[in-house]
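A.B. asks: Have a look at this one before I ask anything.
FYI, it's all coordinate maths here, none of it is from the lab. Small disclaimer: the values here were computed from a predicted structure and weren't measured. As a convention, Cβ positions derive from the backbone with ideal geometry for all residues, glycine included, and neighbour counts pool all protein chains shown.
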Amino acid sequence: MEIRPILSALMRNRTGAMLVALQIAITLAVLCNAAFIVQQRLAKMDRPSGYDEDNIVTVRVVTLDRKDRDAGRAGIAADLRALQGMPGVVAASATASVPFSNSGFGWGFQKTPRPDDPDVASTSLVLADEHALDAFGFELAAGRWFRPEEIIPVADFAEFGSTSAAAVVVTQALADQLFPDGNALGSTIYDSSSSRPVTIVGIVERAQGYFVNDTSFDNTAFTPIVLSGGEALFYVIRTRPGERAAVQRDVESVLLKADPRRIVRRVQSFGEIRAEAYQNDRAMTITLLTVSALLVAVTVLGIFGLMSFNVNRRRKQIGTRRALGARRIDVVRHFMLESWIITTAGAAVGLVLAVGLSVWLVNTFELPKLDWRYLPVGVVVLWVVGQLAAYGPARRASGIEPATATRSV
Amino acid sequence: MFAYHLRLALLSLRRTPAVSLLMIVAIALGIGVSMTMVSVYTLMANDPIPEKSDVLYAVQLDSWSPDRPYDEPNEPPTQLTWRDALALAERSPAGLKRTAMAGTGFVAEVPGAGDVRPEIVSARAATADFFDLFQVPFLYGSGWDHGSDQDAARIIVLSRALNEKLFGGEDSVGRDVRIGSEFFRVVGVLDEWQPTPRFYDLNTGAFADTDDAFVPLSLLDRHQQDWGINGSVNCWQAPSAEGIFPSECTFTQFWVELPDEAAVQDYRAFLDAYVQEQKKLGRFQRPLNNRLSNVHEWLDVNEVVRDDNSVLLGLSFMFLMVCLLNTVGLLLAKFLGRSGDVGVRRALGASRARVFQQHLTEVGLLGVLGGVLGLALAWLGLMGVQRLYVDYERVAHLNTELVAIAIGLAVAAGLLAGLYPAWRICRIQPATYLKTQ
C-alpha cells in the first residue's frame, strides 16, 4: 500500500484532519489521566476492611436521661442480652463510634514516654468490650482479646479522657509501624497526649479505622473501655449469613422495648456505612468513566464525520481509481490507513498533552504521577476506536461504482 | 435581514438533518458536561455571606504542642480552646462585634405535648452577637443580649424547621422547651437560614444543615457533662479529670467583624498581646503564629472545594474543547460542501460580510439549540450528581444565573466554533465554483 497518495489526499483537507487529530490528542490526554485516577480509586475502595462486612448492623442509641456509670453499665448489659437473644444474631457489642463513619477518636501512640518523641503513630482508637472481637468478626493474629474483668466503665467523655486501661489490642499495621522488627506483642507503648503506658496484649490481623482518607487508615487500636453514661452509644451486631436484613428491620423495636423513652437512630448495615464513607471516590469514579465514555463517543463521531466528508468529496477520484483497477479492498484500505495516520498523529501530540496534564495534576492537587503504562494502552484504544469509526465510511467508499468517474458531478 | 438569515439557517439545518443533529448533540454534550461541573464548583466556591465576607474574620491561635505543629507545615489548630475563646469574647476591644461558639447537642421535647416526639437537636452555643454578626433572619422574636450571656439564662432560639416539628410552625416565643430535666424559654425563631457552605463552622461538613437551635454559650459551660461537643475535639495533651473545658483541647470557634485594614492591624496587635500574656503563664509555647482569615480565606484554609471537583472542572473544559473542535470540523465540511451555492450567491452580488453574517447566524442557531439541549443534559447530570453524593442537594442544582451562563457559554462556544468555517466560506472565489459547474 502506497502511503504517498494518502498523504497527498490528506493535505488537501489539512484543517479537517488537523481538527480531528487535535480532538484525538485531547481525548488521549484526558483518557489516560482519567483511567489512572479511576484505577487508584478502585484500588482504594477495594482495600479489605477486616470486618465481617456482609453480616454487621450498627445502631446508635440516644438516651433522654443520662445515667450514672453503674446504672448505665447494667443498662448496656441488658441491651446486649436482648440483642444477643434476637434470632440470627451471633454477637453484639457496645462502642462509642463506628469504623468508617468519619467520626471517632483520632489518637497517637509512640514507643517512648517522651513528649517530644518524633515517631508518633496516628491511629483510630475504638472503645471495645469483651464481645467486640465476635461482633466485628475480625481475626486475631496473635495474643488475646480483652477479658470481661478488664473492661472499664466510664461515665462520660471527661472521665474517659483521664482513664487509661492497662491493655490495648492493635492492628498488625500499627504493630508493624511501631515495631518493624516484629516484637510488638507484650511490649509497652505510650499514649502520645498523656504519656500513659499501655501493654499490647493482642494483635488483630486487620481492622480499618474511622477516616477512609487518612494514610493511617489501617492503624487501629482497641481500648477496653465502655462509655456507659449514654453520651455516645453504638451497638455493633453481627448476624449469621443471610439474616442481616431481618435483624436490621427488628433491632429498633427490640431496643425500644427495653426503654421506650430513648431514640434509636442510624440503623445501618456495614455496607451502607462503607458506601457513605467512599461516596466521594465512587462518585469520582463514575463521573470520570461517564465523561471518558462520552469523550470517546464524541471523538468517534469526529473521525466518522471527517471520513464521511472525505469519501463524499472524493467520489470521483475513488471511481477513477476503481476504473483503473483498484479493488474494493484497496479503497477500504486507503481510508482505514488515512484514519490510522490521523489517529497516530493525534496520539503523538496526545502523549505530550497527557504528560503535561499529569504534571499539572501532580503539582496542583498532589495527585500521584501518571503511571507510564497507561499511555500505550490509551494509544491502542484510540487506534481501535479510530479504525472502527472509519470502517463505515470506508465500506461506503468501496461501494462507489467505477462508472462514477465518468459522470460529471 | 436577520430574519432572512434565520430562515436560510433553518433551511440549511433541515437540508442536512444528520450533520445538524450531530453538531447540536456535540455542543449539547460539551455544554451539559461542563455546566454540570461548573454548577457544582461554583456552588461549592459560593460566597455564603457576600455582604460581609470581607469583614468577618475567623481567629486561629497556635496553642498547640511545643513539640510538633498541629498540621504541617506549622499550621495552627483550626479551632480554639474553650478558655481562649471565652477570653477573646470578653476582652476583644469594645465596639467590635464578636462571637465565640461551639457545636453541641441534646434531646428537646415540648412539655405536655404528648403526641410530639422528642427531637435530637444539633445546637449551637454562641455568644449574643452571633445573630447580628452573621445577619441571621428572624421569623419571630429575636436573639439575646449580653446580659443573658453573663447569667446563663435558660433561653433558646429555634430554627424554622425545629419550630415546625415542635410547635407546628406557630409563633412559639415565650413557650417552653424541655431539655433533660430543665425548661428553656423560646425567645426567637429563625426564618430559613442556610449559608452554603456553612462557613461559620466547617467541622461537621461544609454542606451540613445549619443548627436546629441556638443557646447562650454560658449554658454549655453549665451543661458540660450532659450536652457534650458536636464537632471535632482536638487534643495534644490529655485533658485532666475535669474534662475538656479547662484543657488545652480545641473545640471552640471564634469570629470577629473588622470593618477595615486598620481594625485588622489593631486586632492582630491585640491577639499578639493576648498570646504574649498567656506565654508568661506557661501556655502557648510555640512561636507566635496567630491567624486572621476572612470568609474567602477561611474556605480556602479548610479546602471546602474538593480537589476532585477542581480536577473534574478542568477535565470538563477539555471535554468541551473536544466537542467544539468536533463542531468546527463538521461545520467546515458542511460549509465547504456548499461552496457552489455560495459561489452563486457571491456572483449574484452578496457581499462577503453578508455571506459571513449568514453563516454565523446559522452557527448561532446551532449554539442556541445545543445550549438548550445542553441545559437539559446538565440538569440530568446534576440529578446524577445528587444521587452519587448524600449531602449534595444544596450543591447540585441549577439557578437562573447558571442557566444564563450555560446559554451564554453555548452561544459563545458555537460562535467561536463557527468563526473559522464562516470566514473560510466567505473567502472563496465565486469564479472557481461557477466554472466547475
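A.B. asks: I need the trypsin sites (Lys or Arg not before Pro) found in the stretch A:224-275, filtered to DSSP loop residues with at most 12 other beta carbons within 10 Å of theirs. Can you show the working numbers first?
C.D. replies: Values: sites: A:238, A:244, A:249, A:257, A:261, A:262, A:265, A:266, A:274; in loops: A:261, A:262.
Passing sites in the stretch A:224-275 are A:261.
A.B. asks: Hey, what's the Kirkwood Rh for chain A if you take every pair of different alpha carbons, in angstrom? Show your work: numbers first, answer last.
C.D. replies: Details: mean 1/r = 0.0385 Å⁻¹.
For chain A, the Kirkwood estimate is 26.0 Å.
A.B. asks: Quick check on the protein assembly as shown: helices-only [θ] at 222 nm, where DSSP H runs of length 4 and up contribute -39,500 (n - 2.57) each and the sum goes over total residues. Nearest 500, please.
C.D. replies: Working: 27 runs with 421 residues, N = 846.
After summing the helix terms and dividing by residue count, I get -16500 deg cm²/dmol.
A.B. asks: Size of the dipole of the protein assembly as shown about the Cα centre, Lys and Arg at +1 and Asp and Glu at -1 on the beta carbon, nothing else charged, in debye to 20? Mind dumping the intermediate values first?
C.D. replies: Numbers: 80 positive and 88 negative charges, 1482 e Å.
Once rounded to the nearest 20, the dipole reads 7120 debye.
A.B. asks: Placing unit charges on C-beta atoms (Lys and Arg positive, Asp and Glu negative, everything else neutral), compute the dipole magnitude of chain A about its Cα centre in debye, rounded to 20.
C.D. replies: Result for chain A is approximately 3540 debye, rounded to the nearest 20.
A.B. asks: Could you state the number of Å between the C-alpha centres of the stretch A:323-358 and the stretch B:180-253?
C.D. replies: 64 Å
A.B. asks: Going 7 Å from the Cα of residue A:289 along its beta-carbon direction, which residues of the stretch A:47-77 have the amide nitrogen within less than 17 Å of the resulting point?
C.D. replies: Answer for the stretch A:47-77: A:47.
A.B. asks: With everything on Cα atoms, drop me the angle between helix B:82-91 and the longest principal axis of chain B, reported from 0 to 90° to the nearest 10.
C.D. replies: 90 degrees
A.B. asks: Return the whole-Å distance between the Cα centroid of the stretch A:288-318 and the Cα centroid of the stretch A:26-42.
C.D. replies: 22 Å
A.B. asks: OK, next. Residue-wise, which Karplus ³J(HN,Hα) couplings in Hz belong to the stretch B:121-126, taking 6.51 cos²θ - 1.76 cosθ + 1.60, θ = phi - 60°, and x for glycine or proline?
C.D. replies: For the stretch B:121-126, the Karplus-derived couplings read 10, 9, 10, 10, 9, 8 Hz, x marking Gly and Pro.
A.B. asks: Provide the per-residue ³J(HN,Hα) series for the stretch A:264-280, in order, calculated from phi with Karplus coefficients 6.51, -1.76, 1.60 and θ = phi - 60°, each as a whole number of Hz, with x at glycine and proline positions.
C.D. replies: Those phi angles translate into 9, 10, 6, 7, 10, 7, 4, x, 5, 5, 5, 4, 5, 5, 9, 4, 5 Hz.
A.B. asks: Each residue of the stretch B:195-212 in order: what ³J(HN,Hα) in whole Hz does its phi give by Karplus 6.51 cos²θ - 1.76 cosθ + 1.60, θ = phi - 60°, with x for Gly and Pro?
C.D. replies: Each residue's phi maps through the Karplus curve to give x, 10, x, 7, 4, 5, 8, 9, 5, 9, x, 5, 10, 6, 5, 5, 5, 7 Hz.
A.B. asks: Can you compute log10 of I(q)/I(0) for chain B with the Debye formula, treating each Cα as one identical point scatterer, at q = 0.08, 0.13 Å⁻¹?
C.D. replies: Per q value, in the given order, log10 I(q)/I(0) is -0.63, -1.09.
A.B. asks: Here's something else I'd like to know. Which residue fluctuates the most in chain A, going by a Gaussian network model with Cα springs under 10 Å, if the choices are A:277, A:166, A:158?
C.D. replies: In this elastic network of chain A, the residue with the biggest mean-square fluctuation among A:277, A:166, A:158 is A:158.
A.B. asks: Dipole size in debye (nearest 20) for the stretch B:56-301 around its Cα centre, Lys and Arg Cβ +1, Asp and Glu Cβ -1? Write out the running numbers ahead of the final one.
C.D. replies: Details: 21 positive and 38 negative charges, 103 e Å.
Value, rounded to 20: 500 debye.
A.B. asks: Right, here's the next one. Normalized C-alpha radius of gyration of the stretch B:258-388, against 2.2 N^0.38 Å?
C.D. replies: Working: Rg = 29.5 Å, N = 131, 2.2 N^0.38 = 14.0 Å.
Scaled against compact globular proteins, the figure is 2.10.
A.B. asks: Next up: List nothing, just return the count: lysine pairs in the protein assembly as shown, 8 or more apart or interchain, with Cα separation under 19 Å. Write down the numbers at each step before the final one.
C.D. replies: Values: A:44/A:369; A:67/A:257; A:316/B:334; A:316/B:435; B:52/B:97.
Summing the qualifying lysine pairs gives 5.
A.B. asks: Compare the Cα positions of A:202, A:165, A:185 along the charge dipole of the stretch A:95-235 (+1 at Cβ of Lys, Arg; -1 at Cβ of Asp, Glu; about the Cα centre) and return the one farthest towards the positive end.
C.D. replies: After comparing all options, I get A:185.
A.B. asks: D for the stretch A:182-221, whole µm²/s, Stokes-Einstein with Kirkwood Rh over alpha-carbon pairs at 4 °C and 1.567 mPa s: what number?
C.D. replies: Details: Rh = 11.6 Å.
The estimated diffusion coefficient comes to 111 µm²/s.
A.B. asks: While we're here: Could you order the peptides B:308-321, B:92-105 from most to least packed, using the average number of other C-beta atoms within 10 Å per residue? Numbers along the way, then the final one.
C.D. replies: Details: B:308-321: 20.9, B:92-105: 19.2.
Listed from highest to lowest mean packing, they are B:308-321, B:92-105.
A.B. asks: Once amide H atoms are built 1.01 Å from N in the peptide plane, which residues 5 or more positions from residue A:225, or in another chain, come under 5 Å H to H?
C.D. replies: A:128, A:152
A.B. asks: How far is helix B:307-337 tilted off the main Cα axis of chain B, in degrees rounded to 10, range 0 to 90?
C.D. replies: Rounded to the nearest ten degrees, it is 10.
A.B. asks: Still on this structure: Please list the non-local residues whose amide H lies under 5 Å from the amide H of residue B:175, H modeled 1.01 Å from N, same-chain partners needing a gap of 5 or more.
C.D. replies: Amide H to amide H, under 5 Å and 5 or more residues apart or across chains, residue B:175 pairs with B:186.
A.B. asks: Relative contact order for chain B: what percent, with Cα pairs under 8 Å and sequence separation of 6 or more? Can you show the working numbers first?
C.D. replies: On the way: 743 pairs, mean separation 124.9, N = 437.
Reported relative contact order: 29 percent.
A.B. asks: If you wrap the stretch B:56-301's Cα atoms in a convex hull and average its projection over all directions, what's the area in nm²?
C.D. replies: Projected area, direction-averaged: 13.5 nm².
A.B. asks: Roughly how tilted is helix A:244-258, in degrees to the nearest 10 and between 0 and 90, from the longest Cα axis of chain A?
C.D. replies: Approximately 30 degrees, to the nearest 10.
A.B. asks: Something else now. For the protein assembly as shown, what value does the Rg/Rh ratio take when both radii are computed over Cα atoms and Rh is the Kirkwood radius, given to two decimals? Don't skip to the answer; put the middle values down first.
C.D. replies: Numbers: Rg = 33.8 Å, Rh = 31.5 Å.
Here the Rg-to-Rh quotient is 1.07.
A.B. asks: Right, next: So for chain A, averaging the separation of alpha carbon pairs under 8 Å that are six or more residues apart and normalising by length, what relative contact order in percent results? Before the final figure, lay out the partial values.
C.D. replies: Numbers: 741 pairs, mean separation 113.7, N = 409.
Dividing the mean separation by the residue count of chain A yields 28 percent.
A.B. asks: In what sequence do B:82, A:360 fall when counting other Cβ within 10 Å, fewest first? List each step's numbers first, then the result.
C.D. replies: Values: B:82 25, A:360 14.
Going from sparsest to densest Cβ surroundings: A:360, B:82.
A.B. asks: Considering amide H positions built from the backbone, and no H for Pro or chain starts, which residues 5 or more places from residue A:141, or on another chain, come under 5 Å of its amide H?
C.D. replies: For residue A:141, whose amide H was placed from the backbone, the distant partners under 5 Å are A:203, A:204, A:205.
A.B. asks: Still on this model: With no solvent and one point per C-alpha, what does the Debye sum give as log10 I(q)/I(0) for the stretch A:95-235 at q = 0.11, 0.12, 0.13, 0.21 Å⁻¹?
C.D. replies: -0.35, -0.42, -0.50, -1.44
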